[in-house]
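The values are calculated or read from the model by the stated rules, or taken from the named source; none is laboratory data. As the structure is a prediction and not an experimental result, all values here were calculated from the model. Virtual Cβ from ideal backbone geometry, glycine too; neighbours counted across all protein chains shown. Ligands, DNA and RNA are excluded from the accessible area calculation, which covers all protein heavy atoms including side chains. Shrake-Rupley method; radii C 1.70, N 1.55, O 1.52, S 1.80 Å.
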Amino acid sequence: MVDFKKKLNKEQLKVVYEGDGPCLVLSGPGSGKTRTLVYRTVYLLEKGFSPSSIMLLTFTKKAAKEMLFRIKTMACCDSEKIYGGTFHHVANIFLRRYGEEVGYSSNFVIVDEEDAKTIISGIIKEKYGKQKEDVPKPKVIKNIISLAVNSEKTVEEVIGEKFSFFSDEVIDVILEITEEYKKRKKESNVMDYDDLLFNWNSLLSIPELRKKISDNFLYVMVDEYQDTNKLQDRIIKKISEKNKNILAVGDDSQSIYSFRAAEIDNIINFSKNYPEAKIFKLENNYRSTAEILEMANLVIKNNTKRLDKDLKSVVPNKGEADVVVFSNPLEQADYIADYIENKKDRSEVAVLFRAHHHAVELEMELTKRNIPYLSRGGVRFFEQLHIKDVTAYLRVLLNFKDRVSFERLLLKEKGIGDVGAKKISGKISSFEKVEDVFENKEKIAKEVCTATSQKGFLKIINLIEEGTEKTISEKIKLFIDDFYNHYLDFSFENSKERKSDLKKIYEMSFDYEKLEDIISDFSLSEDVEEERSSNSVVLSTIHQAKGLEWKTVFIISLKEGDFPHAKAVEEGSVEEERRLFYVAVTRCKENLFLTYPRYNFREKQIMPPSRFIKETKGVFSDEDFFEDEEIIMEDGEDGEWEMM
């Protein structure tokens, strides 16, 4: 038998002993929510409840595996019979058993995201082929369908909210493809991940079946409840309909995935949905120092849409917390690189940012100093497809015989495939001067292009010809505005974020006079091998860092427009940005640095500090805290701007 009083604190013990009926457990970061869920399950098993009457839902396979393993090692019964795992995993179990009720045989096939995109790609080729230029890429259409399913909205509603730049004609195409995609999956006895949830909910909409399932499950527990979407919440309500024993564990202050259809109202309105609900709070934090938690509490209280809780540190050690102001991002990168270079254990240092392009200067500085680093998410800034595309354009402008880069550009155009691109680039490389290519472009088009690829070829050649005589910044602006923005909108579901990355490249280009220099710097950062040593510093977006922790954390580029993101301010989503900041702060154990590059020399602007920095006032001493005083700027003798 487990000695629960010895293993748990008073907050956790209360949940374990009193978690009957609808219960919401508000669990702050580092407060032991996983431990609480595990011990609550073990407690129920020791009380004699059947494992098969318990459902434990998680969001990741890793979390499910960890919890079920710990339960197995402590429980005195066959805990493997618990219905535990991700929402999709448990949905699969029920659909294998009752799939015929919604039109699927039990041997249905689950297709992953890549397979789903392949099906959509086949539909596009069959229905539209080479006739239409403005057909979004399969992954964009798949993302729209997924958002619609999980947010319980129509495809039209999702397009209106997230892809308003699509024309009516494009919307009609997407709707037609969506219907055909649904039809083909059903005919082939195939489900994608979203179908697993949709069809599980459909099963539970059959009264007799819902009663049978709801009667069976005496206890339903949900981890990371703040990340549930509307469809998942509806499923949970139906399963717990009979016994009402639902234990929802989460933290509204860490709800940061609305772009994936996560619905914060599920946790905010829990007490409204379950008027008899008990509210528990896990506020003792075993990760961070008191000063860090004071900052987190202070900032998050500025959100109006939140449930009240107050993190308290039980960590005895002291740390450091500072706001560090720099003149520009280059100084910021230099300072952080110096700090990291002098650290023996770099694996305990993380640099977190709102968007990947905020760390460009730092990535370049670390590369120059041969300091190993890991990018959370696996793709470094200069290795991203859209950054490599603009780099390919610059390489072609420097050397039009660069066949690899030339082919990369050609493949962006509809009607040009691998074979055609190689044929075209081979012909181009046979010329001695690029001027001869421009002069003979119409002739080349007729010689080596098909009827469908001529237009795309000439578009690329004209782009190169027009960019030849421009400055570096003008070249990049031309590529983005006249060619690439349209490609981004139809090729990537996160085109807005990628456009922000390209804006950063454009801004950086003003620092270069020679084309070969900017290409060399980009290539140096791009081609360096990933160093996976155990002593690498971590660079990560905050979204990718959720659930992790480090001894020292830098949160960088804390200026208005960057963090909170300008688009979020415009769309009224500042509260989610603040929750994102809260998540970033609470990743830190001891030493926290908020960094702010103050001036934009290129645009001759003093950039205002992030409102989140201002909201931490009171944590820092007066001499450390940055006051937003008025600064007079004048031209220096060397033409640069300096503080007077």
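Here is how the numbers come out for the structure above:
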quantity	calculated
Wholly within the stretch 424-485, helices (runs of 4 or more DSSP H) carrying at least 3 residues that are open to solvent by less than 10 Å² (accessible area, probe 1.4 Å)	454-467
Any chance Glu529 is farther than 30 Å from Glu615 by Cα, modelled with pLDDT under 95 and not in a helix (DSSP H, G or I)	yes
Residue tally, condition in contact with a helix residue (DSSP H, G or I) (Cβ under 7 Å, 6 or more places away or on another chain), of a type outside the set (S, T, N, Q) and not in a helix (DSSP H, G or I), over the stretch 24-45	4
Per-region count, the stretch 279-299, residues among the hydroxyl-bearing types (Ser, Thr, Tyr) and either under 13 Å from Lys318 (Cβ atoms) or surrounded by 17 or more Cβ atoms within 10 Å (Cβ to Cβ) (or both)	2
Identity of the residue in the stretch 174-219, aliphatic (A, V, I, L, M), under 30 Å from Lys137 (Cα atoms) and modelled with pLDDT of 95 or more, that ends up surrounded by the most Cβ atoms within 10 Å (Cβ to Cβ)	Ile177
When residues of the stretch 67-97 are limited to those that are of a type in the set (Ser, Thr, Tyr) and farther than 24 Å from Ser146 by Cβ, the one modelled with the highest pLDDT	Tyr83
Near pairs, Cβ below 8 angstrom, 6+ apart or cross-chain, from the stretch 349-376 (under 16 Å from Leu548 (Cα atoms)) to any residue that is of a type in the set (Phe, Trp, Tyr) and open to solvent by 10 Å² or more (accessible area, probe 1.4 Å)	Val349/Tyr339; Val349/Trp550; Ala350/Trp550
Yes/no for Gly32 being touching a strand residue (DSSP E or B) at 6+ places or on another chain (Cβ under 9 Å) and farther than 23 Å from Tyr193 by Cα	yes
Odd one out for Leu45, checked against (1) open to solvent by less than 40 Å² (accessible area, probe 1.4 Å); (2) in contact with a strand residue (DSSP E or B) (Cβ under 7 Å, 6 or more places away or on another chain)	(2)
Residues of the stretch 387-420 satisfying the condition of being buried (at least 18 other Cβ atoms within 10 Å of the Cβ) and of a type in the set (Val, Ile, Thr)	Ile387, Val390, Thr391, Val396, Ile416
Some residue of the stretch 225-236 being without any contact (Cβ under 8 Å) to a residue 40 or more places away in the chain and in contact with a Gly (Cβ under 9 Å, 6 or more places away or on another chain)	yes
